[in-house]
Structure formats: structure tokens, C-alpha cells
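The values are calculated or read from the model by the stated rules, or taken from the named source; none is laboratory data. Keep in mind it's a predicted model, so treat the numbers as computed, not measured. When we count neighbours, we look across all protein chains shown, and the Cβ atoms used for this are built from the backbone with ideal geometry, even at glycine.
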Amino acid sequence: MKRKVTDEIANKIVELYNKGWSIYKIANYFNIDRKTVRRYLKKHGIEIKNKQCRKVTNEMIIKWIKLYKDGLTVRQIATMYNIGYETVRKWLIKSGINMRKGKVTDETAEKWVKLYKNGWSIVRIAKEYNVNDETVRYWLKKKDVKLLNSGYRSKQRALERFKKVNLNPSESLAYILGVIEGDGCISKNRIKLYVTDKDFADEFERHLKIIGFDNIKRCIIKKPGRKEAYEVYVFSAPFCEWYRKLEKYKDYEKMFNSEKLMGLFLRGVFDSEGSVSSSIRMTNTNKDLIDLCCKFLDKLKIEFSIYHEKRENYKDSWTIRIKKKSLIDFKDKIRFNIKRKQEKLEMLCK
């Protein structure tokens with residue numbers, strides 16, 4: 001039974017391919033079709049290296065026959081030669097080899113029951129014993145084991161991890177939420193940041209670790225003709241649910257009630273949406289976010305002006321511009337974590 005490809009698996013496919021894994025090896029590892037692997041690589045803009053198909057020679061078939069007679073399974077031979085399972089099996093049958101039928105002893109089945117009750121997944125047990133996952137499923141049912149929904153196990157693991165996450169108002173939480181309101185993205189079960197500034201990705205990852213996330217993933221996205229990008233993400237359905245229950249901008253005012261916390265929240269927003277040229281600007285289409293940023297800037301005694309732009313066929317946008325006489329206050333109380341933006345700010349303050 002083929003696995004459903006989640007966002008986590010799709011991103012892991014990209015990560016492994018960039019590390020040099022072959023499409024066949026990735027497909028075998030996740031128990032999915034090679035075409036599925038290719039589709040998700042293309043979807044993420046990954047250039048697939050063209051490799052010529054390996055020709056099966058008589059020498060290879062002779063070696064496969066010997067290995068099979070020595071006790072290796074078809075799958076082990078296929079993995080050894082980085083070639084399809086069905087290809088090896090087909091040539092063994094063509095060569096007149098009687099295929100073995102794997103026997104599962106009662107002792108082995110009892111071990112599977114124990115492993116499953118200890119938290120192992122059916123796929124993990126199948127890989128460990130080099131058998132089909134349906135075989136494991138069959139024997140577990142035969143032993144009257146109540147099979148849990150795979151989603152239930154994932155949810156339990158997510159809840160255990162979430163217990164370690166500190167959601168009390170802090171500098172790191174303020175920065176994370178500021179980034180999420182800007183360039184960040186939050187879905188049903190994932191927090192993600194996709195940017196071209198490595199130092200921005202580093203800082204976001206650092207703050208996620210500080211509040212307690214230990215399952216942070218990261219990958220580099222290379223697209224032809226485009227600047228290298230960095231993706232930092234973490235799967236946490238409980239965090240995403242907590243975030244959705246927030247009365248965002250009202251709760252942010254209550255949570256971030258000190259100058260330091262307001263400054264960190266604004267830093268997250270300006271790192272995401274801010275720009276530095278002859279002045280510091282931040283543009284967004286979310287009026288509620290703009291209003292909150294204005295309140296925080298007022299409390300920090302940083303002067304600014306605001307512009308409203310009406311656009312046909314697009315959402316209206318609002319731009320906050322920091323006044324020249326408040327640039328030093330902005331540098332002291334907010335500043336940027338992105339090096340190129342901070343250097344420009346330093347130049348403006350001279």
C-alpha cells in the first residue's frame with residue numbers, strides 16, 4: 001500500500017535529493033512510486049539530473065542468481081544494484097529460478113506485536129524485517145492487535161513535542177509571531193519561512209529553538225536563473241491551532257506590553273516586509289497589522305508617516321515610513337537582523 005505524500009515527506013524528498021540520493025532510493029525509502037518523487041521534485045523547482053537507464057547484462061544476472069541462492073532477498077539485491085525490484089525478480093524468473101515464499105514464524109509475529117505496542121509503525125517493522133507492510137498488517141490483525149490510525153500516532157508525537165514549547169510572552173516568541181505576520185506562513189500543521197537571506201533564515205531557526213522546538217527542518221532551494229533560497233519549517237499542529245485561536249492583534253497588545261517585546265515583534269515584521277533606501281519603509285495589505293505596528297511605534301516614541309494606496313484589481317496597501325529624526329531610535333529599539341538591511345540603516349544614521 002503506497003503512502004500518502006504529506007508536506008513533510010515532500011520537503012524531505014527535496015532534501016535527500018539535494019544530498020545526492022537517487023530517485024529510486026528515495027522512492028524505496030518512502031515506499032512511494034518513482035513518478036511521485038519526480039513530480040514533487042519538479043514542483044519544488046528542482047532540476048532532475050538525467051541518468052541513462054542501466055542495462056542488465058548476463059554477468060549481472062549470473063551474480064543475482066548466485067546472491068539469491070546464497071539467501072539474499074530480491075529487494076536486497078535490487079537495493080545493492082540500485083535497480084528496480086521488479087527488474088531483478090523478472091530476470092530471476094526468466095532464468096528458471098523458483099522464487100522463495102517468505103515464511104513468518106509465530107515467534108517473529110510475536111516480536112512484531114511487541115514492537116508495534118512499543119510505538120513502531122507498520123512500515124518501520126516491515127523495513128526492519130525486509131517484508132511487505134501488508135504482511136505485517138495481516139499478522140498483527142491475526143494476533144488480535146487493534147491497529148491505530150497512523151494520524152493518531154502522529155498527533156500523539158506532536159502533542160508530546162508541543163509540551164516542550166514555551167508560549168509565555170518572550171523575546172523569541174515576539175520575533176517569531178512578527179515574522180509569521182510578515183513573510184512567514186502558517187498552515188494547518190506547519191510553520192514555514194521561505195527567504196533568500198541566509199541570516200534571516202538562521203535567526204528564525206534560532207528563535208524557534210529557543211522557545212523549545214526540536215524538530216526544525218531546513219532545506220536549500222536552487223532554481224535555474226533564480227537566487228538561492230532557504231526554507232525553514234517545523235511541523236506542529238498544536239502550535240498552529242493555538243495561533244488560530246488567538247484574537248491576533250488584541251492578544252498581541254496584551255502579550256507584548258514592554259518596549260523590548262514590542263521592539264522584537266516589530267523587528268520580525270520589518271525583517272520580513274521592511275526595506276531600506278533613502279528611508280525605512282514597511283508595506284502590507286493587512287490593515288489590522290498596520291494599525292498594530294503604528295500603536296507599537298507610538299508607544300516606542302518612534303515618529304512615522306503612513307500612506308494608503310488604492311490599486312485596481314489588487315488589494316489596497318498601506319506603507320509606514322519612519323521619519324528621519326527617528327532613525328536612531330529605530331536602530332536602538334528595533335533594528336534589523338538581516339545584515340544587508342542593518343548596514344543600510346547604519347549608513348542612514350550617520
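Which of (1) in a helix (DSSP H, G or I); (2) farther than 24 Å from residue 85 by Cβ is the odd one out, the single condition residue 135 does not satisfy? Of everything listed in (1) in a helix (DSSP H, G or I); (2) farther than 24 Å from residue 85 by Cβ, residue 135 misses just condition (2). State all residues of the range 1-25 that are at pLDDT below 85, crowded, with 17+ Cβ neighbours inside 10 Å and in contact with a Leu (Cβ under 9 Å, 6 or more places away or on another chain); if no residue qualifies, say none. Selection gives 17, 23. The set of residues from the range 242-262 being surrounded by 23 or more Cβ atoms within 10 Å (Cβ to Cβ) and part of a helix (DSSP H, G or I) comprises 252, 262.
Here residue 139 clears all of (1) loosely packed, with under 13 Cβ neighbours inside 10 Å; (2) hydrophobic (A, V, I, L, M, F, W, C); (3) more than 29 Å from residue 7 (Cβ to Cβ); (4) touching a residue at least 12 places away in the same chain (Cβ under 8 Å) except the condition numbered (1). Entry remark, the range 67-86: residues being assigned to a helix (DSSP H, G or I) and either under 12 Å from residue 130 (Cβ atoms) or under 34 Å from the mean Cα position of the chain (by Cα) (or both) number 9 in total. Selection of first residues in the range 116-136 that are over 12 Å from residue 31 (Cβ atoms) and of second residues that are of a type in the set (A, V, I, L, M) and in a loop (DSSP other than H, G, I, E, B), restricted to Cβ pairs under 7 Å at least 6 apart or on distinct chains, gives the following pairs, ordered by first then second residue: 116/145; 135/104. Only one of the numbered conditions (1) more than 20 Å from residue 181 (Cα to Cα); (2) surrounded by 14 or more Cβ atoms within 10 Å (Cβ to Cβ) is not met by residue 267, and that is (1). In the range 270-288, the qualifying residues are those that are in contact with a Ser or Thr (Cβ under 8 Å, 6 or more places away or on another chain) and surrounded by 15 or more Cβ atoms within 10 Å (Cβ to Cβ), and the one that is nearest to residue 191 (Cα to Cα) is 273. Of all residues in the range 283-317, those satisfying the criterion of being within 31 Å of the chain's Cα centre (by Cα) and assigned to a strand (DSSP E or B) are 283, 284, 317. Just to be sure before I move on: is residue 225 surrounded by 14 or more Cβ atoms within 10 Å (Cβ to Cβ), of a type in the set (Gly, Ala, Ser) and on the phi > 0 side of the Ramachandran plot in the structure I sent? It is false that residue 225 is surrounded by 14 or more Cβ atoms within 10 Å (Cβ to Cβ), of a type in the set (Gly, Ala, Ser) and on the phi > 0 side of the Ramachandran plot. From the list 94, 111, 90, the lone residue that is under 24 Å from residue 138 (Cβ atoms) and basic (Lys, Arg) is 111.
Condition check ((1) farther than 30 Å from residue 15 by Cα; (2) modelled with pLDDT under 95; (3) not charged (D, E, K, R)) across all residues:
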| position | (1), (2), (3) |
| --- | --- |
| 222 | no, yes, no |
| 229 | no, yes, yes |
| 236 | no, yes, yes |
| 247 | yes, yes, no |
| 251 | yes, yes, no |
| 257 | yes, yes, yes |
| 289 | yes, yes, yes |
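Within the range 88-100, identify whether any single residue is at positive phi, without any contact (Cβ under 8 Å) to a residue 12 or more places away in the chain and assigned to a loop (DSSP other than H, G, I, E, B), and answer yes or no. Yes, because at least one residue in the range 88-100 is at positive phi, without any contact (Cβ under 8 Å) to a residue 12 or more places away in the chain and assigned to a loop (DSSP other than H, G, I, E, B).
With respect to the stated conditions, residue 59 is loosely packed, with under 15 Cβ neighbours inside 10 Å, out of contact with any helix residue (DSSP H, G or I) (no Cβ under 6 Å at 6 or more places or on another chain) and modelled with pLDDT of 85 or more.
The residue of the range 189-203 that is nearest to residue 336 (Cα to Cα), among those that are surrounded by fewer than 19 Cβ atoms within 10 Å (Cβ to Cβ) and under 15 Å from the mean Cα position of the chain (by Cα), is 202.
For the range 204-255, what are the residues that are charged (D, E, K, R), out of contact with any Leu (no Cβ under 9 Å at 6 or more places or on another chain) and under 21 Å from residue 337 (Cα atoms)? 206, 209, 217, 218, 227, 228, listed by residue number. Select from the range 8-31 the residues that are in a helix (DSSP H, G or I) and not aliphatic (A, V, I, L, M) and list them in ascending order. Correct list: 8, 11, 12, 15, 17, 18, 24, 25, 28, 29, 30. The residue of the range 78-108 that is nearest to residue 33 (Cα to Cα), among those that are of a type in the set (A, V, I, L, M) and at pLDDT 85 or above, is 88. Of all residues in the range 223-241, which are of a type in the set (Asp, Glu), over 15 Å from residue 183 (Cα atoms) and not in a helix (DSSP H, G or I)? Within the range 223-241, just 228 meets the criteria.
Candidates 209, 217, 188, 164: the one that is part of a strand (DSSP E or B) and within 30 Å of residue 118 (Cβ to Cβ) is 217.
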